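The values are calculated or read from the model by the stated rules, or taken from the named source; none is laboratory data. Everything quoted here is computed from the prediction, not taken from an experiment. Cβ: placed from backbone, ideal geometry, glycine included. Neighbour counts: every protein chain shown. Please note that ligands, DNA and RNA were not included when accessible areas were found on the heavy atoms of the full protein model with its side chains. Shrake-Rupley method; radii C 1.70, N 1.55, O 1.52, S 1.80 Å.
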Amino acid sequence: MNVTKSGYRVFSANSSAACTELAKQITERLGVELGKSVVYQESNRETRVDVKESVRGQTIFIIQTIPRDVNTAIMELLVMAYALKTSCAKNIIGVIPYFPYSKQCKMRKRGSIVCKLLASMLAKAGLTHIITMDLHQKEIQGFFSFPVDNLRASPFLLQYIQEEIPDYRNAIIVAKSPSAAKRAQSYAERLRLGLAVIHGEAQCAESDMADGRHSPPCVRNTSGHPGLELPLMMAKEKPPITVVGDVGGRIAIIIDDIIDDVEDFIAAADILKERGAYKIYIMATHGLLSADAPRLIEESAIDEVVVTNTVPHEVQKLQCPKIKTVDVSMILAEAIRRIHNGESMAYLFRNITVDD
């Protein structure tokens with residue numbers, strides 16, 4: 001393909017090796033060259049971006065992966081987008097496989113919905129479209145004032161299960177909490193496997209912290225109007241951890257969208273081992289694997305953790321051989337090609353349900 005006449009460019013917004021590698025994989029599949037730019041940090045940690053070629057009138061795709069230094073990656077993306085906007089780029093499309101701050105998409109106590117704030121910042125910087133993958137909550141798309149294509153990693157993870165897990169027909173799909181049951185059910189139905197749900201988490205569920213029951217604090221009104229006498233709600237009590245479904249003598253495959261702090265997954269693996277599962281796999285789209293996650297996984301009953309390359313995790317793989325990677329650059333490249341050519345994106349969502 002002739003890059004000059006193609007009408008679009010692909011840039012990497014991150015100088016890290018992982019982001020550059022993903023960008024190269026995508027451009028090789030597209031048959032174009034990676035755009036010439038330099039992204040670096042000044043001595044005072046300010047982000048600087050230099051675009052080394054003309055982008056006037058072009059459609060620009062910015063590849064940005066999110067490493068451990070999340071805030072630096074966000075600034076790189078914002079500064080790159082604004083640099084391209086002021087250089088008269090026609091359209092600026094962010095390819096952000098893992099969208100940061102996606103867990104902060106609900107009001108908790110007196111906090112803020114940071115995901116909405118980030119969406120507004122990206123629009124202000126000049127982005128006109130976003131390609132991402134497996135948003136933590138699909139309703140996040142409503143935070144944006146421009147189109148968002150939320151791709152799915154499930155076809156790649158399903159293919160891995162079928163091709164790389166021996167005797168997967170003897171497996172059972174597991175949701176580590178009732179809130180993850182829909183996603184797990186979708187996998188179970190596609191693989192024609194059984195479903196199990198772990199119920200009775202030791203920690204507070206995310207929904208408990210998000211519904212405002214802890215805010216405002218209970219303060220008795222001692223002056224003025226006594227107010228309405230509202231009925232007192234009974235305190236919630238977590239039941240003992242139980243597994244709904246038979247996992248005895250089976251391969252247990254735990255499904256989730258993000259694996260970050262792994263204590264919940266390790267606790268789930270221990271419960272499944274006690275119930276008779278002889279192998280335990282974890283499948284997740286985004287492998288953040290923060291803090292001591294690699295060491296904890298290596299020492300746990302988990303046999304294998306499978307994630308995609310939406311988030312850089314090369315260091316974690318060196319620390320833990322149990323971590324495996326599935327490449328999703330193919331679908332990102334196809335999404336770029338279809339958007340540039342004005343083709344329908346429906347092909348990428350064939351047989352995809354809202355629960356995937």
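Condition check ((1) touching an Asp or Glu at 6+ places or on another chain (Cβ under 6 Å); (2) farther than 19 Å from residue 11 by Cα; (3) not polar (S, T, N, Q)) across all residues:
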{"residue": "82", "(1), (2), (3)": "no, no, yes"}
{"residue": "86", "(1), (2), (3)": "no, no, no"}
{"residue": "98", "(1), (2), (3)": "no, no, yes"}
{"residue": "106", "(1), (2), (3)": "no, yes, yes"}
{"residue": "134", "(1), (2), (3)": "yes, yes, yes"}
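Name the residues in the range 41-54 that are open to solvent by less than 80 Å² (accessible area, probe 1.4 Å) and either at pLDDT below 90 or in contact with a strand residue (DSSP E or B) (Cβ under 7 Å, 6 or more places away or on another chain) (or both), would you?
41, 42, 47, 49, 50, 51
Out of curiosity, is residue 82 open to solvent by 50 Å² or more (accessible area, probe 1.4 Å), assigned by the TED database to the domain that holds residue 146, on the phi > 0 side of the Ramachandran plot and in contact (Cβ under 8 Å) with a residue 24 or more places away in the chain?
No: the conditions fail for residue 82.
From the list 315, 354, exactly one residue is outside the structural domain of residue 31 (by the TED database) and over 18 Å from residue 151 (Cα atoms). Which is it?
315
So for the range 133-156 (the condition being among the hydroxyl-bearing types (Ser, Thr, Tyr), open to solvent by 20 Å² or more (accessible area, probe 1.4 Å) and not in a loop (DSSP other than H, G, I, E, B)), does at least one residue qualify?
Among the residues of the range 133-156, not one is among the hydroxyl-bearing types (Ser, Thr, Tyr), open to solvent by 20 Å² or more (accessible area, probe 1.4 Å) and not in a loop (DSSP other than H, G, I, E, B), which makes the answer no.
Which condition number in (1) surrounded by 14 or more Cβ atoms within 10 Å (Cβ to Cβ); (2) in contact with an Asp or Glu (Cβ under 6 Å, 6 or more places away or on another chain); (3) basic (Lys, Arg) is the one that residue 116 fails?
Of everything listed in (1) surrounded by 14 or more Cβ atoms within 10 Å (Cβ to Cβ); (2) in contact with an Asp or Glu (Cβ under 6 Å, 6 or more places away or on another chain); (3) basic (Lys, Arg), residue 116 misses just condition (2).
Hey, any hits in the range 53-60 for a residue that's in a strand (DSSP E or B) and at negative phi?
Yes.
Every residue, every condition in (1) under 16 Å from the mean Cα position of the chain (by Cα); (2) surrounded by fewer than 17 Cβ atoms within 10 Å (Cβ to Cβ); (3) assigned by the TED database to the domain that holds residue 182; (4) not in a loop (DSSP other than H, G, I, E, B), yes or no:
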site	(1), (2), (3), (4)
233	no, yes, no, no
248	no, yes, yes, no
252	no, no, yes, yes
272	no, no, yes, yes
284	yes, no, yes, yes
306	yes, no, yes, yes
331	yes, no, no, yes
335	no, no, no, yes
343	no, yes, no, no
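In the range 182-202, is there at least one residue being exposed (fewer than 12 other Cβ atoms within 10 Å of the Cβ) and at pLDDT below 90?
Checked against the condition, which is being exposed (fewer than 12 other Cβ atoms within 10 Å of the Cβ) and at pLDDT below 90, the range 182-202 yields at least one hit.
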